[in-house]
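Asker: Pasting a structure below so you can have a look.
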Amino acid sequence: MAISVSAPRQLLRRLREVMAEQESTQVRLNKVVVLIASNMVAEVCSLYLRRRDDSLELVATEGLAAKAVHNTHLKRGEGLVGLIAEEAEAMQFPDAQSHPAFSYRPETGEEIYHSFVGVPVLRGGDAIGVLTVQNRTHRQYTDEEVEALQTTAMVIAEMLSSGEFFGPEGVPSGARDEPLRYEVMRLAEGVALGHAVLHEPPVLVTKLIAEDVELEQRRLAQAIDELTGMIDAMLERGDMARAGEHREVLEAFRMFADDRGWRRRLEEALQTGLTAEAAVQRVRNDTRARMMRQTDAHSRDRLHDIDDLSNRLLRLLSGGAGTAASGSLPSDAILIARTMGAAELLDYDREKLRGLVLVEGGASSHVAIVARALGIAAVSQAKGILENIEAGDAVIVDADAGELHVRPTPEVVAAYSDKVRFRARRQAQYAALRSVPAVTLDEVKIDLRINAGLLFDLPHLEESGADGIGLFRTELQFMISSTFPRLDQQTRMYKSIFDAAGNKPVVFRTLDVGGDKVLPYFRAEKEENPALGWRAIRMALDRPALFRTQIRALMRAACGRELRLLLPMIADVSELREARALIDKEVAILRRHGKQEPKRLLVGAMVEVPALLWQLDEVMPLVDFISVGSNDLMQFMFAADRGNEKVAHRFDSLNRAGLRALRSIVEAGERHQVPVTLCGEMAGTPLEAMVLIALGFRSISMAPASVGPVKAMVLSLDVGEAREKLNSLLDEPTASLRDELRAFAAEKGVQV
Ligand code: PEP
Ligand code: MG
């Protein structure tokens, strides 16, 4: 006997009334099963919920023996109920008892019922229970009946997830209670203990049952239109403003939004009497459940797309609630996001941010750079985190060890509290060195400078006690801006940097964009090998107007102070000549307009393309200083992509080939009396910094957090001894000198 189309809606309406009653959980559950049984003209309706041990417990029934309630437990995968939970799929059996999976439970008295239909109670694609209906006769349940049962199951799931039905022994919670540990990739160093904040909080669907089905249909249609419009606009703009939100992701969204099957399922869910929000949630759950059972990685990856798309749709339906940045944050917030743009991270109250956890995003992504500048621990590649975390969960981010703990056990928390205290003590020791000059045991003064790129890096100059800014990556300001900064904006920006640095020198590197450093508003062609592509000085010389605007802004901002310019990615001495000619033109304009010239203009070149190693004697006379970009120099020398974890660690920075190259640069500098400094990541590790000083570097530039540890090393170093040791090793045939140099440091008590 089929039920009429209006029956599901009636059922939902009645369900809502029952849910609203001020009764105990059990009483309401009992009423729910009676309601379903009568609505579906069935003798039996039962609800099973998953317990912590993964078994399914009969929690309410109409028709089966009352004594079985809370006493019948089915082990994982046991019986038809177990099968439905396992498959997370609706199933029906006209003759249940003849099915091989049927598990006979005498206490239930169910042997007299032949036909059986069951649907999973889904949460986040996970079956947290099973709702069943049984009839004495051999019968086939119609699609509408199964559909109505699924909708009811969804309403029950939502009620359960809002905590309404949980008793103290309360049943399902699934994996979300377990402590989890992930291996992750470091984006910004540090260890943070705090509580999860979901960057894009899932929209809580509170109103499930429609009052006016047509109204809900119109709301949904409008939201889908808006959503596809948004995606189209992003695709058209080639919108890269959100790092990581690449074309493929947008195209996947578009595909889903256009998918007829998806739209049909939404429509069907609406027909059963759900609100637009509940319909989206319902279809999301079903799709997730289906996809989670597929084993290929591609289908599982699509889960993100469905979640994202559904969340966006829910946000549109609920009036476009923004990201968590607009809400209130705990004082120890650890942000969790799939991807995030640098600007979005800046929207948060930095006082409350402790850590950042991303699913996607590389160490050189913009958001990583901003996280470093903010001084928060940040990690990426936390695959699966979004499915296993809820806002407010305790989280520990150990970026240094590449570990992430969700809902850690008390033992893990205790171990980390110790680690954090230890780090704090060490930081206090470094802070005590702040105003101690970095002079070695044999009286050699070493200039320690910081790398910076954003305005909030500037307080680090004072805090770290560094001698200046050895590398100001001007492109970072451009990367977090939504339009190309105009001359006056750039001038203001640079002026505030000069002002903040006071008497300490700042080396401004001219725009190093291109390659992976994408400006959202600057369309460039897709390149096969972006690191070797149209970037940095190459772009500057091909688009001299951009370069000259920047030089002009810097000269204006210097306003009579000393200006140090650093030119990135020089591969041929002719590029240096060309760039200098453009700089000279700007000086001439400044003079012509009677504007104040910089007190002193120093122009330097970065040595980061190996070809320059054989032009050093031509380069030196054209520059006032040299800065070695060891990140790129080593990447190109060893042909090993610096951003690719698989190869980045293959070639040690203390490899003798690399060190010989560095030695030749220092020697050329000495021959031509040109100061040579190094601003790659190498400078920030005490052992590497020791080697650089032994090679003859007297100035190095590093991340602000490295100044303390490197200074402690300098204070315990005898350069003469280190140089002697290094020279004896450089001509040895060993590839990496790391072990010998570490042994030397240990023997001499150098703090590395
Ligand atoms: C380098 O290449 O070493 C460098 C300092 O520049 P960046 O890391 O910005 O490429
Ligand atoms: Mg570089």
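Asker: Taking neighbour counts of Cβ atoms within 10 Å as a proxy for exposure, in what order, fewest first, do 286, 731, 349 appear?
Answerer: Result, fewest neighbours first: 731, 349, 286.
Asker: State, as an integer percentage, the relative contact order of the range 442-719 based on alpha-carbon contacts under 8 Å between residues 6 or more apart.
Answerer: 20
Asker: With labels modelled as points extended 7 Å from the Cα through the Cβ direction, what inter-label distance (nm, one decimal) is found for residue 76 paired with residue 486?
Answerer: Label-label distance for residue 76 and residue 486, simple model: 6.3 nm.
Asker: Modelled label-to-label distance, residue 230 and residue 400, 7 Å Cα→beta-carbon offset: nm?
Answerer: 4.0
Asker: I would also like to ask the following. With unit charges on the beta carbon (Lys/Arg positive, Asp/Glu negative), name the residue among 668, 651, 690 whose Cα is farthest towards the positive pole of the charge dipole of the range 606-696.
Answerer: 651
Asker: What 222 nm value per residue comes from the helices of the chain, counting each DSSP H run with n ≥ 4 as -39,500 (n - 2.57) and dividing by all residues, nearest 500 deg cm²/dmol?
Answerer: Per the formula, -13500 deg cm²/dmol.
Asker: Ranking 679, 45 by Cβ neighbours within 10 Å, fewest first, what do you get?
Answerer: By the 10 Å Cβ count, ascending: 45, 679.
Asker: Something else now. How far is it, in nm, from the label point at residue 445 to the one at residue 423 when both lie 7 Å from their Cα along the line to the Cβ?
Answerer: My value for the distance between the label points is 3.4 nm.
Asker: Picking from 160, 10, 461, whose Cα lies most toward the positive end of the charge dipole for the chain (charges on Cβ: Lys, Arg +1; Asp, Glu -1)?
Answerer: It is 461, whose Cα lies furthest towards the positive end.
Asker: Please compute the length gained on full extension between residue 667 and residue 206, using 0.36 nm multiplied by the number of residues separating them and subtracting their Cα-Cα distance.
Answerer: Gain in length upon complete extension: 158.9 nm.
Asker: If you rank 595, 526 by fewest surrounding Cβ atoms within 10 Å, what's the result?
Answerer: In increasing order of surrounding Cβ atoms, one gets 526, 595.
Asker: Residue 107 to residue 140: FRET efficiency via 1/(1 + (r/R0)^6), r the Cβ-Cβ distance, R0 30 Å, to the nearest 0.05?
Answerer: 0.60
Asker: I need the Kirkwood Rh of the chain: take the reciprocal of the average 1/r across all distinct C-alpha pairs and report it in angstrom.
Answerer: 29.7
Asker: Follow-up question, since we're still on this one. Counting Lys and Arg as +1 and Asp and Glu as -1, what is the net charge of the other residues whose Cβ lies under 12 Å from the Cβ of residue 724?
Answerer: Net charge in that neighbourhood comes out at 0.
Asker: Okay, moving on. Near residue 397, within a Cβ-to-Cβ distance under 9 Å, what is the net charge of the other residues, with Lys and Arg +1 and Asp and Glu -1?
Answerer: Around residue 397, the surrounding residues sum to -1.
Asker: For the modelled label position 7 Å from the Cα of residue 350 along Cα-to-Cβ, which residues of the range 431-467 have backbone nitrogen atoms closer than 12 Å?
Answerer: Flagged as within label range: 453-461.
Asker: Skipping prolines and chain starts, which residues have an amide H placed within reach, meaning under 5 Å, of the one on residue 377, given they are 5 or more residues away or on another chain?
Answerer: It is 356, by chain and number.
Asker: Okay, next question. Answer rounded, prolate or oblate for the range 533-601, using the Cα gyration tensor with square roots of eigenvalues a ≥ b ≥ c: rounded when a/c is under 1.5, else prolate when a/b is larger than b/c, else oblate.
Answerer: prolate
Asker: Can you give the local net charge around residue 68? Use residues other than it whose beta-carbon is closer than 11 angstrom to its beta-carbon, Lys and Arg +1, Asp and Glu -1.
Answerer: Net local charge, residue 68 excluded: -1.
Asker: If a/c stays under 1.5 just call it rounded; otherwise compare a/b with b/c (prolate if a/b is bigger, oblate if not). Do that for the range 6-162, with a ≥ b ≥ c from the square roots of the Cα gyration tensor eigenvalues.
Answerer: rounded
Asker: So how strong a dipole does the chain carry about its Cα centre when Lys and Arg Cβ are +1 and Asp and Glu Cβ are -1, to the nearest 20 debye?
Answerer: That gives a dipole near 2240 debye.
Asker: Continuing with the same structure: Amide H of residue 403 versus every other amide H placed in the peptide plane: which residues, excluding those fewer than 5 positions away on the same chain, fall under 5 Å?
Answerer: Sorted by chain and number, the residues that satisfy this are 184, 398.
Asker: Additional query: Quick check on the chain: of the DSSP beta bridges with both residues there, what percent are antiparallel, nearest 5%?
Answerer: Beta bridges within the chain, antiparallel portion: roughly 55 percent.
Readers should treat all values here as calculations from the given coordinates under stated rules, not as data from a laboratory. Computed from a predicted structure; not experimentally measured. Positions of Cβ are backbone-derived with ideal geometry, glycine not excepted, and every protein chain shown enters the neighbour counts.
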